[in-house]
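Notes follow the structure.
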Amino acid sequence: MSMKKIIYTLAVLAASQTLFAQQDSTQTNNLNTVIVTANKFEQKQQETGKVLTVITQQQLEQNSGRSLTELLNEQTGIVINGANNNLGTNQSISIRGASDANTLILIDGVPAYDASGITSQFDINYININQVERVEILKGAQSTLYGSDAVAGVINIITKKKGIKPIDGYASLSAGSYGTINTAAGINGSRNGWQYNAGYSYMHSNGFSEAYDSTGKAGFDNDAYTQQSLNASVGYDAGKGFSIRAYSHLDMYKAGIDEGAFTDAKNYNLNDKDLQVGTTAGYSFGKNKLIFNYQYNRVNRSFIEDSIDGQSYQNGMYKGYSHFAELYGNFQISNNAELVAGTDFRHNSTDQSYLFVYAGTPYPSPPLGADSAKTNQEGLYASFILHNISNFTFEFGGRVNHHSIYGWNGTYSFDPSYKIDEHFKLYGSIASAYRVPSLYQLYGEYGNRNLKPEQSQSYQGGVQFTSKVFTARVTWFKRDINDVIYFYTDPSTYASQYQNADEQRDNGVEAELQATLSKRVNITANYTYVDGKISTASDFTGKDTTLYNLYRVPRNVFNLQVNVQPAKGLYLAVHFKTVSSHEEPAYLAPPIKVDGYYTIDLHAEYAVMKQLKLFSDFMNITNQQYFDILGYNSKRFNFMAGVRVNL
């Protein structure tokens with residue numbers, strides 16, 4: 001038996017043994033954590049039947065030497081291609097096997113877009129983990145409350161805000177492999193109704209070659225990365241139920257990149273900036289609450305490649321502008337019934353230009369201007385929540401959406417749950433969702449103004465068990481997407497265009513476990529299986545061709561983490577991950593099989609005093625060489641160590 005199989009078997013056995021743990025232990029789980037993402041208002045996690053995971057502030061602080069995507073990549077059902085590659089690599093987020101465009105990123109509950117991108121997916125590279133208070137991951141179709149792109153799920157990144165004391169703050173410094181340094185500092189507080197927060201973070205890494213040198217002799221250069229983030233907010237609680245907060249986030253990074261898989265580039269650089277400015281206001285009356293959100297988001301991306309041999313030159317500039325406004329309310333109809341209802345408006349526009357020069361001959365692409373490359377969306381939604389009626393909870397709602405190009409579409413959701421007893425809960429969901437075409441897919445050089453939105457139908461169901469010792473959850477899911485937007489090239493003329501044609505069918509199972517064996521030992525484990533296929537009508541036979549197409553998504557992913565507190569102030573965590581093989585797409589050829597792998601990480605932290613912690617992370621300690629994206633390097637053995645101070 002191979003070493004990988006031995007480790008995998010031992011990990012599964014270790015997880016299964018927690019089912020027989022001491023029944024008199026005290027459970028520490030997240031079920032009493034207050035969440036907002038499930039229904040857009042505050043409630044305890046155990047009060048919803050939706051499949052939601054919370055990454056707490058404590059977990060984030062225990063991973064402050066890492067990137068946010070590395071931590072997200074360990075969560076149930078999530079695969080992020082690029083999370084373990086060189087910093088600055090494109091981060092492709094997949095929830096339950098769906099393409100990255102089917103995951104909606106929220107910042108403090110507000111949708112975040114890159115209106116200049118091919119798919120409008122927000123670049124999570126902008127977010128420094130030190131600026132985040134917690135993360136809420138909501139899986140399944142969520143377009144009823146959150147609109148476009150919430151097909152496979154929602155990731156709500158909740159940033160740090162007010163402090164409890166008049167003056168509070170933190171600072172951290174870490175350094176490690178690849179010449180990496182990560183620093184952050186912030187101050188916050190509250191007094192006499194006023195609340196404030198300001199933070200700054202800086203990260204730099206000399207990095208390593210983004211592309212893999214298959215010969216080992218080509219002398220690929222290192223691709224460096226520099227990131228800076230600045231955020232500030234101020235709020236005021238005026239009393240009588242009224243509060244208001246204004247905020248801004250400025251995030252930017254520079255990254256060296258390579259030409260492609262297995263291909264180096266000596267002078268190829270990205271410069272990305274994202275500015276978010278907004279306000280949120282709330283008014284409470286009785287048990288009811290109204291919320292107003294407005295946000296302006298501007299993305300400015302550019303890249304330059306100046307070939308060292310003077311033969312080629314590329315220069316691309318992409319600007320995206322997004323406005324989001326929303327008014328919604330949470331209304332207490334009775335002790336057992338609530339209504340969430342609201343309306344939102346989204347405006348996206350883009351400016352783009354691209355120039356390619358080869359051997360002195362320019363090949364420019366047609367530019368796009370924000371005055372013409374733009375769309376509007378208006379949505380109206382409502383969701384009813386009926387609590388604890390004979391141990392049943394029902395959530396059902398719908399949305400109508402109007403798009404300025406294709407017109408009207410709608411969604412619905414039905415999420416029942418049943419509490420069998422104090423330990424067992426059954427839950428399920430039948431819901432639809434949608435993803436609108438991006439500006440590039442509508443207006444770009446391969447654009448198609450006749451594109452329809454992707455429409456999906458999702459199903460999920462499962463059982464959750466909770467005791468003083470452990471919490472376990474098993475979820476089955478199925479997702480069908482029609483009118484999939486894909487890039488089509490005519491085999492005769494080679495003319496290309498975005499079109500609607502294919503049908504995507506995905507399904508799978510998730511299993512999660514959290515167990516407290518004693519006051520000093522805690523174990524968490526999760527396993528995800530996904531399968532998927534796409535059906536395409538043949539131009540020659542008229543019949544459908546069906547094939548597996550979850551490229552770069554492994555069918556099987558298993559995570560196991562053992563947390564130990566051997567002495568007061570000392571915390572240790574060992575994380576094991578194993579990933580099965582996956583398929584890599586190949587142009588005009590069968591897909592390429594990429595081997596699976598395993599990694600082992602070790603985290604240690606020591607509280608010197610209440611306000612001072614030392615920490616270290618040792619990742620991939622067995623120095624595995626593996627590929628999440630064929631032809632691009634992943635991190636071998638690496639480490640980070642540092643100090644964190646809380647005022």
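Values in this text are rule-based calculations from the coordinates and carry no lab data. Since the structure is predicted, the reported quantities are computational estimates derived from the model, not experimental observations. Don't worry about glycine lacking a Cβ; one is built from the backbone with ideal geometry, like all the others, and counts go over all protein chains shown.
Annotations for the structure displayed:
- Efficiency of FRET between residue 355 and residue 404 - r from beta-carbon atoms, R0 45 angstrom, step 0.05: 0.90
- Using the alpha-carbon positions of segment 70-109, Rg (one decimal) and Dmax (whole number) come out as 10.3, 29 Å.
- In this rough spin-label picture, where each label sits 7 Å from Cα along the Cβ direction, the residue 459-residue 313 distance is 5.8 nm.
- Over all pairs of different C-alpha atoms in segment 446-509, the reciprocal of the mean inverse distance, the Kirkwood hydrodynamic radius, equals 14.9 Å.
- The convex hull built on the alpha-carbon positions of segment 47-100 has an orientation-averaged projected area of 4.6 nm².
- The Cα center of segment 500-518 and the Cα center of segment 573-602 differ in position by 17 Å.
- MRE, 222 nm, helices only [DSSP H, n ≥ 4, -39500 (n - 2.57), over the chain, to nearest 500]: -1500 deg cm²/dmol
- Taking one quarter of the surface of the C-alpha convex hull of segment 483-609 gives a mean projected area of 11.9 nm².
- Computed from the alpha carbon positions, the gyration tensor of segment 129-261 leads to an equivalent ellipsoid with semi-axes of 38, 23, 11 Å, biggest first.
- Put in line by how crowded their Cβ is, counting other Cβ atoms within 10 Å and starting with the fewest, 347, 402 read 402, 347.
- Positive-end residue of 137, 179, 194, charge dipole of segment 84-218 with Cβ unit charges: 194
- Mean-position separation - Cα centroids, segment 340-365 and segment 376-446, in angstrom: 29 Å
- In whole angstrom, segment 214-337 maps to an equivalent ellipsoid with semi-axes of 49, 15, 13, each derived as √(5λ) from the alpha carbon gyration tensor and ordered largest first.
- Ordered by the number of other Cβ atoms lying within 10 Å of each residue's own Cβ, fewest first, 87, 72, 386 fall into the sequence 386, 72, 87.
- For segment 98-150: rounded, prolate or oblate by the Cα gyration tensor [a/c cutoff 1.5]: oblate
- For the listed peptides 438-445, 175-182, 321-328, a ranking on the average number of other beta carbons within 10 Å per residue, highest first, reads 438-445, 321-328, 175-182.
- Rounded to the nearest 20, the Cβ-based charge dipole of the chain about its Cα centre (Lys and Arg +1, Asp and Glu -1) stands at 2060 debye.
- If R0 is 56 Å, the Cβ-Cβ spacing of residue 388 and residue 221 corresponds to a FRET efficiency of close to 0.35.
- Packing-based ranking of 619-628, 484-493 yields 619-628, 484-493, ordered from highest to lowest mean Cβ neighbour count within 10 Å.
- Cα centroid separation, segment 76-105 to segment 257-284 (Å): 15 Å
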